1. Keeping to region 153-187, report how many residues are at pLDDT 95 or above, farther than 18 Å from residue 227 by Cα and either of a type in the set (S, T, N, Q) or loosely packed, with under 15 Cβ neighbours inside 10 Å (or both).
2. Please count how many residues of region 139-152 are more than 19 Å from residue 231 (Cβ to Cβ) and either surrounded by fewer than 21 Cβ atoms within 10 Å (Cβ to Cβ) or free of Cβ contacts under 8 Å to residues at least 12 places away in the same chain (or both).
3. For region 46-58, how many residues are surrounded by fewer than 17 Cβ atoms within 10 Å (Cβ to Cβ), in a loop (DSSP other than H, G, I, E, B) and either of a type in the set (Ser, Thr, Tyr) or modelled with pLDDT of 80 or more (or both)?
4. From the list 126, 115, which residue is free of Cβ contacts under 8 Å to residues at least 40 places away in the same chain and buried (at least 16 other Cβ atoms within 10 Å of the Cβ)?
5. Taking region 9-45 as the region of interest, how many residues are among the polar types (S, T, N, Q) and either modelled with pLDDT under 90 or buried (at least 21 other Cβ atoms within 10 Å of the Cβ) (or both)?
6. As an exercise: evaluate residue 101 against (1) touching an Asp or Glu at 6+ places or on another chain (Cβ under 9 Å); (2) loosely packed, with under 14 Cβ neighbours inside 10 Å; (3) at pLDDT 95 or above; (4) of a type in the set (A, V, I, L, M, F, W, C) and give the number of the one condition it does not meet.
7. Quick test of your reading of the structure: residue 83 fulfils all but one of (1) surrounded by 19 or more Cβ atoms within 10 Å (Cβ to Cβ); (2) more than 23 Å from residue 228 (Cα to Cα). Name the failing condition by number.
8. What are the residue pairs meeting all of these: first residue in region 172-201, first residue under 14 Å from residue 138 (Cβ atoms) and free of Cβ contacts under 8 Å to residues at least 60 places away in the same chain, second residue exposed (fewer than 12 other Cβ atoms within 10 Å of the Cβ) and acidic (Asp, Glu), Cβ atoms under 8 Å, and 6 or more apart or on different chains?
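The values are calculated or read from the model by the stated rules, or taken from the named source; none is laboratory data. In this text the structure is predicted, and so the values were computed from the model without any measurement. Note that each Cβ is placed from the backbone with ideal geometry, even for glycine, and that neighbours are counted across all protein chains shown.
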Amino acid sequence: MSLNIGSAVTNGLGRVVNRNGGILLLVAAVLGVLWQLLVNSIFVQMLPSDFPGSLGLTIDLPFGILAVSGLLVFVLLSYLTIVAIRTFVAGETTQIPSEFLQRRIPWVLANLIVGGIVFTLLLFIGTLLFVIPGIIVYLSLLFMTVYIAVNDENFLSAMSSSWHLTRGSWIRLFVLLAIIIVPTMVVFGVLSVVFSIVFGPSSMASQIVTGLISLPFSILILGILADAFVQLQEEQHETSTESATVDRSTTEY
C-alpha cells in the first residue's frame with residue numbers, strides 16, 4: 001500500500017466539511033482579517049511619512065500595542081493549527097474534544113514555534129543548495145507539525161518521525177502538494193485581479209475579502225495533509241507488523 005493521492009484529497013476535504021471544520025474555518029477567517037490588519041498597520045508605521053502608496057486595511061494605534069497584538073494573534077493562529085490538526089487526524093466531525101483544546105498547549109506551542117524556525121532555516125539552506133535539497137527537506141519534514149500536535153513530541157523527535165514516515169513517498173507527496181498548491185495559487189491570482197478591478201488596488205474591502213479567504217484555505221490544506229498522514233501511518237504500522245511477524249516466524253523456525 002502507498003499514499004493514495006485521490007483519497008487524500010477527497011477524504012481530507014471530508015475531514016473539514018463538517019461542523020467542526022466549519023467552526024475552525026470561521027475562526028481562521030476572523031484571525032486572517034485581524035492578522036492582515038495588524039501586519040499592515042505595523043508596516044505603515046515603518047514606512048517614511050511621505051510614502052505615496054496606501055496599504056488599505058490599517059488601524060492607527062501605538063506601535064507597541066500593534067506589536068503585542070500581532071504576537072497574540074500569531075500565538076492564536078498557532079493554537080488554531082494545533083487544534084485543527086488534532087481534530088482532523090482524529091476524524092472528529094461533530095464536537096472538538098476538550099482534550100484537543102487543553103492538552104499540553106504551552107509545550108506544544110513552544111515546540112511548534114521553535115521547530116518552525118529550525119525548519120525554515122533548514123529549508124533556506126537546502127534551497128541555497130540548488131533547490132532540490134530544499135524540496136527534499138520540505139517533503140521530509142512535512143509532518144513535523146502533525147507529530148508535535150498529535151503526539152506531543154518535541155520538535156527534534158517530530159523531525160525524525162516525519163523523516164521516517166515520508167521516506168519512500170516523496171514523489172507522491174510532491175504530486176499531492178502540487179495538486180493542492182497550484183490550483184490555490186491560480187484561484188488567489190484570479191481573485192486578486194477581480195478584487196483589484198472591483199474594489200481598487202490595496203483597498204480595504206479587497207484586503208478584508210483576501211483575509212477571509214486565505215487562512216480558511218490553509219485549514220482545508222491541513223485536512224488533506226491530515227488524511228495523508230493517517231494513510232502513511234497505517235502503512236507504516238502494517239509494515240512494522242509484517243516485519244515483526246516475519247522475524248518471529250524466523251526465530252521459531
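1. Count: 4.
2. Pass one, region 139-152, residues more than 19 Å from residue 231 (Cβ to Cβ): 148, 152.
Now narrow it down to the ones that are either surrounded by fewer than 21 Cβ atoms within 10 Å (Cβ to Cβ) or free of Cβ contacts under 8 Å to residues at least 12 places away in the same chain (or both): 152.
The qualifying residues number 1.
3. The number of residues fulfilling the criteria is 2.
4. Numbers: 115 fails: free of Cβ contacts under 8 Å to residues at least 40 places away in the same chain.
Matching residue, one of 126, 115: 126.
5. Step one: of region 9-45, the residues among the polar types (S, T, N, Q) are 10-11, 18, 20, 36, 40-41, 45.
From what's left, either modelled with pLDDT under 90 or buried (at least 21 other Cβ atoms within 10 Å of the Cβ) (or both): 20, 36, 40-41, 45.
Final tally of qualifying residues: 5.
6. The number of the failed condition is (1).
7. So residue 83 meets the others, but not (2).
8. No pair meets every condition.
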